[in-house]
Amino acid sequence: MQVTFFYDIVCPYAYLASTRVDDVARAQGASVAWRPILLGGLFRHVGAPQRPGDVMSAPRARLIDLDMRRWAEVWGVPLRKPAEHPRRSVEAMRLIVGAPAERRRGLSRDLFEAYWVRGENVAERAVLDAIATRHGVDPQVIDGEEARTTLFANTAEAAGIGAFGVPTFAVGHRFTWGQDRFALLERMLGGEAVDPAAAHRVPTAVDGPLHVRFFHDFSSPFSYLASTQIERVVRRAGATLEWVPILLGGLFREIGTADVPLLAMNEAKQRWFRQDLHDWADAWGVPFTFPAHFPLRTVLPLRAALVEPACTAAVYRAAWAEDRPIDDPEVLTRVLREAGFDAGAILERTSAPAIKDDLRRNTEAAREAGACGVPTFEVRRPGHDPLILWGQDRLSMLADVLGGWWPTCG
């Protein structure tokens, strides 16, 4: 088996991935073909902005920056983001594709470190010339037509399989995106089911009880996936869990995010997004069906969950495993009754001012915590400021935090 690793040294997550991809593949008996591409060219192909951070809400940009630094810390990888990021990487990528095949991997690693560790400006020709010479590569290959056309061809290859960013890992006709998808890559290579509670780091002693607030909304498929695993992750660590329903649309309006982010994505990312949901569900052994009735209006189900928190799992299952329109009061009534609840009593209380106020307060609490979406996990630990993690794909990092690791970057 072979993994094709599409990358551009301008991407910090591609740098992080480069430090582990060979080991991950080798553990499954696979090899890795390092395939340099031009990320800006791929963005143009799929219609994505050249600087994604410029169109993000401030809370999301902050969490993504923290996330990058946290992954480096979890893995013990040095990382220093240049103040001038992003820097031009076209000539550096041409140097890689113009180098002899047997030297590209080592050259790529050196260029990644130049950008993300040593703070060198890889847009400067003198820097590239020195790195090329160190690897026995003629720097003049940067200017050759072969390097230019090969880089274009590699970028077109990535676009052809449906890639929209880096790092992308392709195995046969399938691919996944992001260094946080190594668990799914292992599955693609024949690995075992993914344990969301498996931490990256060895647990250490925790100075006091830990409490997790789980901000969620039935409208989010990733909230559903997280809801199937969060109890297990928190329970294994001996922490306490608080389910906090919020109105995601209200949060989005507050922070300046599109009401339905999925529909604002380019087509390539939308296709991957839907496949990624199925991949996680399969890895965790939980049922999943993307509902025909989407997007979901969830004010009533959320209020029902505030009235009777025990109904939460049944409502999530109805929406995301059984494709039932939970925003229809009659359907929601049947869902609650089938789960053994007094539907009439629950739904009658959903119109109470106190319940409406609770939903508004929860949504505001999520905004104040710094959330940019759901699921968001806020961890409270004595003597520390609260820490938040965003995304069901951060459950393993949550396990690290509950196991005693606390990131120095916040």
Problem - Members of the stretch 102-131 that are surrounded by fewer than 18 Cβ atoms within 10 Å (Cβ to Cβ) and either farther than 19 Å from Thr19 by Cα or among the aliphatic types (A, V, I, L, M) (or both) - result: Val117, Asn121, Ala123, Glu124, Arg125, Ala126, Asp129, Ala130
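Looking at Gly344, Gly383 in this structure, which one is of a type outside the set (Asp, Glu) and open to solvent by 60 Å² or more (accessible area, probe 1.4 Å)? Step through it out loud before you land on a result.
Details: Gly344 fails: open to solvent by 60 Å² or more (accessible area, probe 1.4 Å).
One residue alone meets the criteria, Gly383.
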Fill in the blank from the handout: Scanning the stretch 211-248 residue by residue, the ones that are in contact with a strand residue (DSSP E or B) (Cβ under 6 Å, 6 or more places away or on another chain) and open to solvent by 10 Å² or more (accessible area, probe 1.4 Å) total 7
Exercise for the section: Quick one: which residue in Arg70, Arg94, Arg87, Arg103 is closer than 30 Å to Arg274 by Cα, among the basic types (Lys, Arg) and either in contact (Cβ under 8 Å) with a residue 12 or more places away in the chain or assigned to a helix (DSSP H, G or I) (or both)? Expected result: Arg70
Completion exercise
Residues of the stretch 301-320 being touching a His at 6+ places or on another chain (Cβ under 9 Å) and closer than 12 Å to Pro287 by Cβ, in sequence order, are Tyr316, Ala319
Handout entry: Flag for Arg35 being at pLDDT below 95 and open to solvent by 40 Å² or more (accessible area, probe 1.4 Å)
Key = no
Problem - the stretch 249-271, subset open to solvent by less than 20 Å² (accessible area, probe 1.4 Å) and touching a Gly at 6+ places or on another chain (Cβ under 9 Å), residue farthest from Glu378 (Cα to Cα) - result: Ala268
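Take the residues in the stretch 136-155 that are in contact with a Leu (Cβ under 9 Å, 6 or more places away or on another chain) and within 14 Å of Leu38 (Cβ to Cβ), then tell me which one is most open to solvent (accessible area, probe 1.4 Å).
Of the stretch 136-155, the ones in contact with a Leu (Cβ under 9 Å, 6 or more places away or on another chain) are 137, 139, 141-142, 147, 151-152, 154-155.
Within this subset, residues satisfying the condition of being within 14 Å of Leu38 (Cβ to Cβ) are 142, 147, 151-152, 154-155.
Numbers: Ile142: 2, Ala147: 4, Leu151: 5, Phe152: 119, Asn154: 20, Thr155: 13 Å².
Out of the qualifying residues, it is Phe152.
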Handout entry: Tally of residues being crowded, with 18+ Cβ neighbours inside 10 Å, more than 18 Å from the chain's Cα centre (by Cα) and either part of a helix (DSSP H, G or I) or not hydrophobic (A, V, I, L, M, F, W, C) (or both) across the stretch 20-32
Key = 2
Handout entry: Tally, over the stretch 386-410, of residues that are within 23 Å of Leu184 (Cβ to Cβ), surrounded by fewer than 22 Cβ atoms within 10 Å (Cβ to Cβ) and touching a strand residue (DSSP E or B) at 6+ places or on another chain (Cβ under 9 Å)
Key = 1
Handout entry: Phe182 vs. criteria more than 20 Å from Pro386 (Cα to Cα) and among the aromatic types (Phe, Trp, Tyr)
Key = yes
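The values are calculated or read from the model by the stated rules, or taken from the named source; none is laboratory data. All of these numbers come straight from a predicted model, not from anything done at the bench. Positions of Cβ are generated from backbone atoms using ideal geometry, with glycine treated the same way; all protein chains shown enter the neighbour counts. Each accessible area value is taken on the protein alone, full model and side chains, heavy atoms only, with ligands, DNA and RNA left out. Shrake-Rupley method; radii C 1.70, N 1.55, O 1.52, S 1.80 Å.
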